[in-house]
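Reviewing the structure listed below.
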Amino acid sequence: MTTEIITSIAKFIAEKILKLPSKVISPDEALISSGLIDSFSLMDLALFIEDTFGVRIEDTELNAETFDTLNQLAALIASRK
Amino acid sequence: MALENILILAAASLLWATTFRNHGRTWFMLIASVVVIFWLQPAVPIRGADFFTPLATLVLVVLTWFITADDATRKQRKNIIILLVIASVVLFLNLTRFLPADFQLLTPSRPPQLTTTLIIFLVTGLTLLVLSRLTRFSASFLTVSLLLTIGLFLLIKIPTLSLWLSSFLRTLSGQSLTNVSINDFRWLGFSYVAFRLIHTIRDKQSGRFPSVDVVEFITYVIFFPAFTAGPIDRLERFIKDLRAPFAGLNLENFYSAGQRLLLGLFKKFVIADALALIALNDSNATQVTSTFWMWVIVYAYAFQIYFDFSGYTDVALGIAQLLGIKLPENFASPYLKPNLTQFWNNWHMTLTQWFRAYFFNPITRWLRSWEKPMSIPMMILLTQVATMLLIGFWHGVTWNFTLWGLWHGLGLFIHNRWNDATKAKAAAWATTPAKQAALNISGILLTFHFVAIGWIFFALSSPVTSWQVILKLFRAH
């Protein structure tokens, strides 16, 4: 379950946000604090998660403190499903 | 905060943490914070204003707590005792009026007559009583308090309105209007207080407000280490530290807090204050004629503002740590970031996070949800410029802060587009560590200079002088 979430989000980030389809994002790689995903794309990610998994991530939660890696994000999604 | 204020507050915190440990720690923080907001408030020429502004802060904070708290917390008996204790502290400060002038150390000037203070207490008490009799709390109270906070904010930040406010207060205190000026009225810490209040009101509106009692709420909003210059913490994070058992200060914490405090004092009072001697300001901007020296004073300002502000943050974090509170970081080497987006992720971080959470994200979400959304570049332009303009206005609603906000809003937009267009090429080119380093270093230099030029608008008060400085920097004048 978690692996599926991670794979699908990693694919979305690489293809749609970074536009580098071949890029491999490891589950422990910092996404927000490293600047890999900027604040505008972060909203894309939130909307993608809402559409795909039916889990809402609030405006105040789109920060590195709530989640910074794919692992943390998947855990957050799983906990709200 | 002046050096002596910082040293006294650090010593008091250290004394409390080592002597009483967890006994009454929250009470200590509350009462110290109440006293400190009176103590640090600068003296102003309007009679009584420097006493009534901190009092207004307290009233506003108590009222906001009252309408954001849940029913069970609001109805607790202990709230009355807590409010009476706070009122007694204020009354005590007011009574120092009768001491000889040499002993009126806790207020910026001689405190006013007791009558007005008592009337304010009475009106606040009656308001709370009326509000508590209402059987149902309507959501419109939250909207009203949100608008009230924003309104007060505008009153202080828009020069025309500030002047009007000064005239009004002068009339109220029976003073002459001949010398009225926008510098008559200063409300210390209000920018930060307002942002903490808006955060709690908005979170209550979206149903994510944690249940906190009045002591916790007031301590959060006016916590003395962070009162004058931030950081802007989040309520739920702050009360987690406040509620965690505090076993007193151990050696390890003492060292790390002390180190942070000393580092902050060094950055602020040695480096920043020395740089201030040569940093760009309204008078040297017109006096310096050579391009070289113009760059020197612009660089000096860029480093002064960083060391000043991040030094204050270190001081706040150090003092808070003595009391077992870990405030959030506000700066993470912002001048060493390779692009403007990253600069803003690491400069005054708690403010940018606040704007992201309560302005940028909601606006972006809303624009995204349109049936026929505008183009992505247009959306980015709009949201970035609007956010940076608001951050500019937060410092003051003037032409120069507007230009500074525009400069950064457009800069962020251009960086975003540039990054989008060149990312793949840059990644393909920078295949060796040397090439990556070259890219990184040129990014850092470019970003720093962009920010430094932006500071010209921030440091000076007129667009014309700012433009002349820029022309001189590029020898065009």
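Read the figures in this text as sums done on the coordinates, not as results from a lab. Here the structure is a predicted model, which means the values were calculated and not measured. Don't worry about glycine lacking a Cβ; one is built from the backbone with ideal geometry, like all the others, and counts go over all protein chains shown.
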**Prompt:** How many nm is it between the label spots at B:ILE81 and B:THR178, if each spot is 7 Å from the Cα in line with the beta carbon?
**Reply:** 5.5
**Local electrostatic count at B:LEU242 - Lys and Arg +1, Asp and Glu -1, tallied over other residues with Cβ under 12 Å** = 0
**Item:** Of B:LYS157/B:LYS204; B:LYS267/B:LYS337; A:LYS19/B:LYS337, pairs whose Cα-Cα distance is over 24 Å
**Value:** B:LYS157/B:LYS204
**Request:** Please list the non-local residues whose amide H lies under 5 Å from the amide H of A:ASN63, H modeled 1.01 Å from N, same-chain partners needing a gap of 5 or more.
**Result:** none
**Message:** How far apart, in nanometres, would the label points at B:VAL464 and B:HIS449 be if each is projected 7 angstrom from Cα along the Cα-to-Cβ direction?
**Reply:** 2.9
**Asked** So what's the gap between the Cα centers of the stretch B:95-123 and the stretch A:29-81, to the nearest angstrom?
**Response** 51
**Message:** Contact order normalised by length for chain B, with contacts defined as Cα pairs under 8 Å and 6 or more residues apart; what percent is it?
**Reply:** 17
**Fill in**
Computed, not fitted: 222 nm per-residue ellipticity of the protein assembly as shown from DSSP H runs ≥ 4 (each -39500 (n - 2.57)), nearest 500, equal to -21500 deg cm²/dmol
**Request:** Just add up the charged neighbours of B:PRO112: K/R +1, D/E -1, any other residue whose Cβ is under 11 Å from the Cβ of B:PRO112.
**Result:** +2
**Asked** Hey, how many Å between the Cα centroid of the stretch B:169-236 and the Cα centroid of the stretch B:1-43?
**Response** 18
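What does the charge add up to near B:VAL270, with Lys and Arg as +1, Asp and Glu as -1, over the other residues with Cβ less than 15 Å from its Cβ?
Spelling it out: positives minus negatives among the neighbours equals -1.
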**Fill in**
Hydrophobic long helices for chain B, i.e. whole DSSP H runs reaching 20 angstrom or more by Cα along the axis with Kyte-Doolittle mean at least -0.5, come out as B:3-19, B:25-40, B:49-68, B:78-95, B:114-133, B:139-157, B:190-205, B:251-265, B:291-322, B:376-395, B:399-429, B:433-459
**Asked** Of B:ALA320, B:MET349, B:ILE470, whose Cα points farthest to the positive end of the dipole of chain B (charges on the beta-carbon: +1 Lys, Arg; -1 Asp, Glu; origin at the Cα centre)?
**Response** B:MET349
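Can you tell me how the stretch B:401-445 classifies by the Cα gyration tensor, rounded, prolate or oblate, using a/c under 1.5 as the rounded cut?
Values: a/c = 7.14, a/b = 2.07, b/c = 3.44.
Oblate, since a/c reaches 1.5 and b/c is not below a/b.
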**Fill in**
Placing +1 on each Lys and Arg Cβ and -1 on each Asp and Glu Cβ in chain B, then taking the dipole about the Cα centre, the residue among B:LEU410, B:ALA139, B:ILE271 whose Cα reaches farthest towards the positive end is B:ALA139
**Shape call, the stretch B:332-473: gyration tensor on alpha carbons, a/c limit 1.5** = oblate
**Request:** Please say if the stretch A:2-80 is rounded, prolate or oblate, where rounded means a/c under 1.5 for a ≥ b ≥ c the square roots of the C-alpha gyration tensor eigenvalues, and otherwise the choice is prolate for a/b larger than b/c and oblate otherwise?
**Result:** rounded
**Asked** How do B:HIS348, B:HIS23 line up, fewest other C-beta atoms within 10 Å first?
**Response** B:HIS23, B:HIS348
**Item:** Computed magnitude of the charge dipole of chain B (debye, nearest 20; Cβ of K, R +1, Cβ of D, E -1)
**Value:** 960
**Request:** Report ³J(HN,Hα) in whole Hz for each residue of the stretch A:37-54, in order, from the Karplus equation J = 6.51 cos²θ - 1.76 cosθ + 1.60 where θ = phi - 60°; Gly and Pro get x.
**Result:** 10, 7, 5, 5, 5, 4, 5, 4, 4, 4, 5, 4, 5, 4, 5, 7, 10, x
**Request:** Treating only the Cβ atoms of Lys and Arg (+1) and Asp and Glu (-1) as charged, compute the dipole magnitude of the protein assembly as shown about its Cα centre; round to the nearest 20 debye.
**Result:** 540
